[in-house]
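Computed from the coordinates by the stated procedures, all read-outs in this text should not be read as laboratory data. On a predicted model such as this, the values are computed, not experimentally measured, just so you know. Every residue, glycine among them, receives a Cβ derived from its backbone with ideal geometry; neighbour counts consider all protein chains shown.
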Amino acid sequence: MNKVIIFLIFITFSNSESPSFDFSYELKYGDGEKYLNNNYDEGYEFEFFENFLNINSNYRDYHLFLELEFSDPPILGYSKTDFDDIVSRMYLDKQFQDSYFKIGNIDALYGAGLGLYTFPDQNIDFDNSLIGLEYKYSFTDHFEVFGIYGVSDFEQRSNPAITLPDRFSENSVAVMGVNYDCQIGYGHLLFKNQDTYFDSATLNQIYLSQGDRITLFDFDYSERVDELIQNYDGINFWQHIGGDSLNTKSFVFGYGIYSNFGDFYLELEKSNYDKLLGDRVNGDRKYFSYGTNLGNVGLSYEYKDYDMPYDILTFTAPPTVAIESTSILAGRNTHSVNYGDEVGHQFEIIGDLWADIDFLANISLSHRHSAKQKKYRRGTGLADYVNESTFTGVAGSEEDDYLNSLLQSSQDYISSPSLIIEKIESPDFFDYILFDYESDDFKAFYPYRQVYAEVSGYLNSDLYIKVGYDLYNEIIKSKDNLVYLNDDEAISQGFSTFYDHAESIVAEALEYHTSNPIQFCNILPGCAENPGEYGFEQQFGMSSENYLADLSFSNYDEYFLRNFEYHEAWTVPTQLTYELVTGSSINFYVEYQSKKITKTSYNFQNVESTEEENYKDVYFSGSYNHNGFWTLTLFYEQEEQPIKTLDWSGIDISFDMADNGQLSLFSGSQKGGRVCANGICADQPGFDGVKVTYRTFF
């Protein structure tokens, strides 16, 4: 595909007399040791070499963009050394009088991104752009139609901590719609049809074992696979199943308006889509935002309601409706948004305190739509089960076998419990604000809360300060793995039914032996007096009274296995910048964070086990900028972990060489951390060594 587009671009520009070209080049080089998953006890040699060359060319109304990447190896992802890989992105577009045409990599955003949002981000090695065509035609200044068709071999990471993608899909997407902007409002209508194919290797990777399932998607898909595997009974399921093709049809409506009462925007998505290896279902996503000013105070509110739990997000990126922290340490606590099953709110207020001092306050909340608890109840329906049994054997010889068999099957019935799914009542809005994390019902909704406040501004013309406070709370895991409860009333009623049935069988046996005494009964001690009881003892090995008295069901202990994981942290970021009279400046940035991870589990004996991990982190950077030409920065970070203390330090010198670009040299160690773009995250590895970064435009 790249070669075809390059050929078309060559034909287009070959006849150009004097096209203009702009270039930007970025080099990243590092030589040292790499540390993954915060395991700083084990590092290995790592040398990365990344080169990015962006080419922009214009001729008349044509615009050409090429991004060339040579990475051997990159910081994240695959090495790119072959021709098809080096040309990582390209497009050719042209603006006509009333229309617009584009071929190549399509990066598009319509509205808030519920229907379509494709973008690249090198920092997280993410690119969900489509290779195809985009066309727009404007009938008037207020009405425009658009259409997109593209394909993509999309790569995803199942976990931000892994360095290479492990989920792959083949996709084709067709989009058509209209944009409108008139006196009564603005927005768009969009229809999307998407076909996606997953091969068996990816289906296998998406499947999770019982203890790792967290989301509704995890449980729905993995439990369905469990059933399918049982049906194949010994046959290699993953080899047999091949892959699975999915189709999604979505309709999106966006509407916004500017008014004296504030700015409103609403976006709704309705979808009909296939479950992975399952049936077809409906789903929807909703987003709403409002912003206004009250004097010098700005207020904003965002709301999300994402209810497509079985959807696999690919070419959309709905708003996170969560604070995007600029703090180094608080940013590592980024909430992992569940775009399929989440309700959330974000409130923000910005205003003046006095003079040149401003304040900002933000609160972000989210939770799942609903929570259900799976319980396995023993004995439910036992009485009906016993009532379905009748004795059809040979009278006088098989009653004991029948009753022993019925007793055993009744106990087997109790030990094979029935599944009961109980819906947990949803907490109210203020429960999420107060965040009652000790409540088991509250935990089941995977609640998240983050509160941030800061004061910033100039104390005088030369001195700038910023002081903030970030409070983060989130339930990362809340799972009832197994809950076995006894239905005592049903078991008691079932035993009563069984006992009554046994009494009738015993009475019938006694009557039979009375009517059919054994030979010579009249001369045998005990038989002559009571031939029925004598015959019963010969058959059952005990008297009828003792037999009935010995009847009982085995006792089954109730138990449950439960796991919780709760993260809480508070962070204080501070910054001070002082402008020197020479035009130079000094800057200090200091952060402190205290974080606690609580892991609670219950075993088969219902014994609670709680493990707490406490972390304390201090981050410091101090820099001196000399007349805007060079900047010297010192970095230091220390983290107290449960069993050890780690520290990282480094020095960076950067040069702003105007038309000759920017050069940065770093030596030292850096802690890895999570980097996110619109809710899509990747973990940058820890590093100890030398880094060189160079950027230039020409």
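For Ala507 and Glu422, what is the calculated FRET efficiency with R₀ set at 56 Å and r taken between the beta-carbons, to the nearest 0.05? That pair, Ala507 with Glu422, gives E of 0.85.
In whole percent, what relative contact order does segment 155-206 give with Cα contacts below 8 Å and a gap of six or more residues? Can you show the working numbers first?
Details: 68 pairs, mean separation 18.3, N = 52.
Relative CO of segment 155-206 lands at 35 percent.
Listed by chain and number, the lysines whose alpha-carbon sits under 18 Å from that of Lys80, ignoring those within fewer than 8 places in the same chain, are Lys3, Lys28. Unpaired Cys in the chain, meaning no second Cys C-beta under 4.7 Å: Cys182. Over every Cα atom in the chain, the radius of gyration and the widest Cα-Cα span, Dmax, amount to 34.8, 130 Å. Label-to-label distance for Ser209 and Phe139 is 5.9 nm, based on points extended 7 Å past Cα in the beta-carbon direction.
Can you give the net charge of the other residues whose Cβ lies under 15 Å from the Cβ of Leu266, counting K and R as +1 and D and E as -1?
For residues surrounding Leu266, the net value is -2.
What FRET efficiency comes out for Ile433 versus Asp153 if R0 is 41 angstrom and r is the Cβ-Cβ distance? Round to the nearest 0.05. It comes out at approximately 0.40. Look at Arg224, Arg378 and count the other Cβ atoms within 10 Å of each Cβ; fewest to most, that gives Arg224, Arg378. Length gained on full extension, Ile257 to Asn123: 44.8 nm, using 0.36 nm per residue less the C-alpha separation.
Most tightly packed first, judged by the mean number of other beta-carbon atoms within 10 Å of their residues, the peptides 28-37, 397-406, 121-130 read 121-130, 28-37, 397-406.
In loop segments of segment 435-535 as defined by DSSP, the GluC sites (Glu not before Pro) with at most 12 further C-beta atoms inside 10 Å of their C-beta are Glu438, Glu529. Legend: residue pairs Lys372/Lys443; Lys286/Lys375; Lys249/Lys275; Lys477/Lys671; Lys372/Lys477; Lys192/Lys270, Cα-Cα distance threshold 22 Å; pairs beyond threshold, Lys286/Lys375; Lys477/Lys671.
Stretched out fully, how many nm does the piece from Leu471 to Phe698 gain, at 0.36 nm a residue minus the Cα gap? The partial results should precede the final answer.
Numbers: separation 227, 0.36 × 227 = 81.72 nm, distance 4.48 nm.
Gain in length upon complete extension: 77.2 nm.
By the Kirkwood approach, averaging reciprocal distances over each pair of separate Cα atoms, segment 597-698 gets a hydrodynamic radius of 17.1 Å. Model label sites at Tyr556 and His240, defined 7 Å from Cα along the beta-carbon direction, differ in position by 3.0 nm. Summed over qualifying helices (DSSP H, 4 residues or more, each -39500 (n - 2.57)) and divided by its residue number, the chain shows a 222 nm mean residue ellipticity of -5500 deg cm²/dmol. Fully extending the segment from Gln538 to Asp93 would add 150.3 nm, taking 0.36 nm per residue of separation and subtracting the current Cα-Cα distance.
Across the chain, the mean sequence separation of Cα contacts (distance under 8 Å, 6 or more residues apart), normalised by length, yields a relative contact order of 11 percent. Among the trypsin sites (Lys or Arg not before Pro) found in segment 605-698, those both in a DSSP coil and sparsely packed, with 13 or fewer other Cβ atoms within 10 Å of their Cβ, are Lys644. Based on Cα contacts under 8 Å between residues 6+ apart, segment 416-522 shows a relative contact order of 18 percent. Between Leu548 and Ser79, the distance separating the two model label sites (each 7 Å from Cα on the Cα→Cβ line) works out to 8.5 nm.
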